[in-house]
1. Take the conditions more than 33 Å from the chain's Cα centre (by Cα), in a helix (DSSP H, G or I), exposed (fewer than 15 other Cβ atoms within 10 Å of the Cβ) and not assigned by TED's automatic domain parsing to the domain that holds B:Thr386 and apply them to B:Ala229. Does it pass?
2. Inspect all residues belonging to region A:115-122 and state whether any of them is closer than 25 Å to A:Thr188 by Cβ, among the β-branched types (Val, Ile, Thr) and modelled with pLDDT under 95.
3. Residues that are over 22 Å from A:Leu200 (Cα atoms), crowded, with 17+ Cβ neighbours inside 10 Å and within 14 Å of chain B (Cβ to nearest Cβ): does region A:94-117 have at least one?
4. Can you work out which of the residues in region B:144-164 that are within 10 Å of chain A (Cβ to nearest Cβ) and either in contact (Cβ under 8 Å) with a residue 12 or more places away in the chain or aromatic (Phe, Trp, Tyr) (or both) is farthest from A:Ala146 (Cα to Cα)?
5. Only one residue in A:Gly227, A:Gly204 is under 21 Å from the mean Cα position of the chain (by Cα) and modelled with pLDDT of 90 or more, so which one is that?
6. Consider A:Asn145 carefully, then state whether it is within 14 Å of another protein chain (Cβ to nearest Cβ), modelled with pLDDT under 95 and more than 20 Å from B:Leu146 (Cβ to Cβ).
7. Looking at region B:127-141, which of the residues that are closer than 16 Å to B:Leu189 by Cα and surrounded by fewer than 20 Cβ atoms within 10 Å (Cβ to Cβ) is farthest from the other protein chains (Cβ to nearest Cβ)?
8. Take the residues of region B:232-284 that are among the acidic types (Asp, Glu) and over 31 Å from the mean Cα position of the chain (by Cα): which is nearest to B:Leu311 (Cα to Cα)?
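The values are calculated or read from the model by the stated rules, or taken from the named source; none is laboratory data. Keep in mind it's a predicted model, so treat the numbers as computed, not measured. Note that each Cβ is placed from the backbone with ideal geometry, even for glycine, and that neighbours are counted across all protein chains shown.
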Amino acid sequence: MEVEDLGHHISRRFNEDLERVRNMVLSMGGLVEEQLERAIKALSEGNSQLGLQVAEDDVKVNRMEVSIDEECSRILATRAPTAGDLRLVIAIIKTITDLERIGDEAEKIGVLAARLATVERPSTNYRELRNLARHVKQMVHGALNAFARLDTKGALDVVKADNAVDEEYESIYRQSITFMMEDPRTITRILDMTWMARALERIGDHAKNICEYVIFMVHGKDVRHIGVENIEAEVEQGARRLESRT
Amino acid sequence: MTLPSRWASQIAALGALLASALILGWWFGAAGWWLAGASLLYVVFTLRHLYWLDRALDGHRRVPLFETRGLWAEVFARVEKLRAKARNRKKKYHRLLREVRESTGALSDGGIILNSDHEIMWFNRAASNLLGLDQATDIGHRIDNLLRYPDFVAYLKQPTGEGITVASPRRETGWLHVQIIPYGTDQRLAIIRDVTNEKNVERTRRDFVANASHELRSPLTVISGYLEALGEGGDVPEAWRVPVAEMQRQAERMTRILRDLIELTRLESADAVADHDFVDVVGMLKPIAQEFEGKQGPTVELALETDAALLGKESELHSIFYNLVNNAVRFTPPGGSVRLVWRAAGDSAVFEVVDTGIGIAEEQIPRVTERFYRVDPGRSRASGGTGLGLAIVKHALQRHEGQLTITSREGKGSTFSCRFPKERVVFRSDAVSAVL
């Protein structure tokens, strides 16, 4: 589906419905991004109140997911979309599930940050966690940008970035084991840190999923579980196809 | 009516043609045919010129001219003139447009033109640098799809006030200020400014004031403690009795100023919106009124016209009410009166302090909420104020989405009224019916 296709429909109302639900997804994305941002801020500033606030605000994300879901069901039922439109609706339904999960992970991070704020902070002020968080945040941002622009190249970049995030998580995990063996008194704190790294790593995975839906939506190719190289090949092939058509 | 000469000559030529055809026709004996032939000739001649005129208007450059003078020559000359003029104008506009583009491109502030659906119509280089927009792909996209901060989206829907400050999407610790200005029919201009430096300076200033206040407080506590001991103990030489008492008063005043400064920085650095705790306003106003009633000075009267409660932060609301009453009492001479009114105004609720004090000159009203602003330096210092009370009121009220209105007449008295929006007000009767 080309970008311009969104604007060419016999029924104007149908168009508006699709456009509106797409906008809703992106504003849900904005909310999730903010939740993540605040959760990480709670960690780096040791602000337990902010952390708990993030956890509390997760209901907003959930509420948006439900209302977008309803809207999609309504479109499927009343408009019976086909081809590119159907792919758009399917991609949206899947995307909001992942966004909601990202929201849940942000909630977890908020609660963990609130707990970590009450114990002694390491001298690095969780530098490795903040680094991981920055990368993950960029992934989510990139995924939503790719969704907004229907930009498969951008989506591909995010998919590639996921490997680096996985590696970072791996190294935090190993480091944590070393710390716990060195000084068992820190186990509680280190466990919380590991949980938080785990939550961030999961967010990276969800961002990657969203990008795969973007590729599916634009090129009509399911690129899940086929490896980065194959995804890259599909994206290039799809881009060539689009070019030759215009 | 006088005909232009080109028309006169054309008509004369036509007349001559027809006349000669008539004479020749009469001579050869077929006047009708000759006349018809001459007319046909003229029609063909005119049609040919019309054809060329049409081509000329279509934009063909080379139009052959059969005449150098007369009606058609002049018509073509005029068409050519018009076209040259239009060409020049077009060139001028192109140049102008390019200059405008270049100059807006060179601006350090980002500019984006949006249509009524928030779709991006145009943006300059600074905007693409600040927000990470792409000239090739992003025209026609909705801006709230690319700039997704919930605060910004809310502002975009209702662009009121001074604009909004959001985190930079490209720089880790950057801040951007976005203001949206509607213009024309349904067009909007979004202006984006990098305010990272301002934000940092502001933060440094706030941190400095907060730290300085905290650091000053501990030595002051020690000084106040010893002064108090000195004042109470009887072994102070007679000559030092008055100075010690004065020192004690000034130390107290300093403590109050520091307390207010800390309160003010706390208000500034907290979230933009206060909590929504249930606060019993009536229960809060009664003790405040009692506290001021007993003292010498104006009479304090409390008029509770509603039993409405507020949703807000208790300590801040107390600070709003206390500071307003304190302020009114200090500027009202003994014998005057201060009236505290808590009333409903439609869906909202209003707290009013009406005094019969010295009043404020009109030009000074907008400035009284600035910190340390003194209407009359001598008098207010004598009255023991910190100069921060109204600044605290303003900030705390802003966090409750409230509005402070000040009306005053010099020598007659002032009215300070705080209006709380309906989202913050809980009327008891509603509460009761909600429970039932």
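1. On the way: more than 33 Å from the chain's Cα centre (by Cα): yes; in a helix (DSSP H, G or I): yes; exposed (fewer than 15 other Cβ atoms within 10 Å of the Cβ): yes; not assigned by TED's automatic domain parsing to the domain that holds B:Thr386: yes.
Yes: the conditions hold for B:Ala229.
2. Filtering region A:115-122 for residues closer than 25 Å to A:Thr188 by Cβ gives A:115-122.
Narrowing further to those that are among the β-branched types (Val, Ile, Thr): A:118-119.
Checking the rest, the ones that are also modelled with pLDDT under 95 come to A:118-119.
Yes, some residue in region A:115-122 is closer than 25 Å to A:Thr188 by Cβ, among the β-branched types (Val, Ile, Thr) and modelled with pLDDT under 95.
3. There is no residue in region A:94-117 that is over 22 Å from A:Leu200 (Cα atoms), crowded, with 17+ Cβ neighbours inside 10 Å and within 14 Å of chain B (Cβ to nearest Cβ).
4. Within region B:144-164, the match that is farthest from A:Ala146 (Cα to Cα) is B:Asp151.
5. Values: A:Gly227 fails: modelled with pLDDT of 90 or more.
Exactly one residue qualifies, and that residue is A:Gly204.
6. Working: within 14 Å of another protein chain (Cβ to nearest Cβ): yes; modelled with pLDDT under 95: yes; more than 20 Å from B:Leu146 (Cβ to Cβ): no.
Judged against the criteria, A:Asn145 is not a match.
7. B:Ser128
8. Taking region B:232-284 as the starting set, the residues that turn out to be among the acidic types (Asp, Glu) are B:232, B:235, B:238, B:246, B:252, B:260, B:263, B:268, B:271, B:275, B:277, B:280.
Still in the list and also over 31 Å from the mean Cα position of the chain (by Cα): B:232, B:235, B:238, B:246, B:252, B:280.
Working: B:Glu232: 44, B:Asp235: 53, B:Glu238: 54, B:Glu246: 42, B:Glu252: 33, B:Asp280: 9 Å.
Checked region B:232-284; the qualifying residue nearest to B:Leu311 (Cα to Cα) is B:Asp280.
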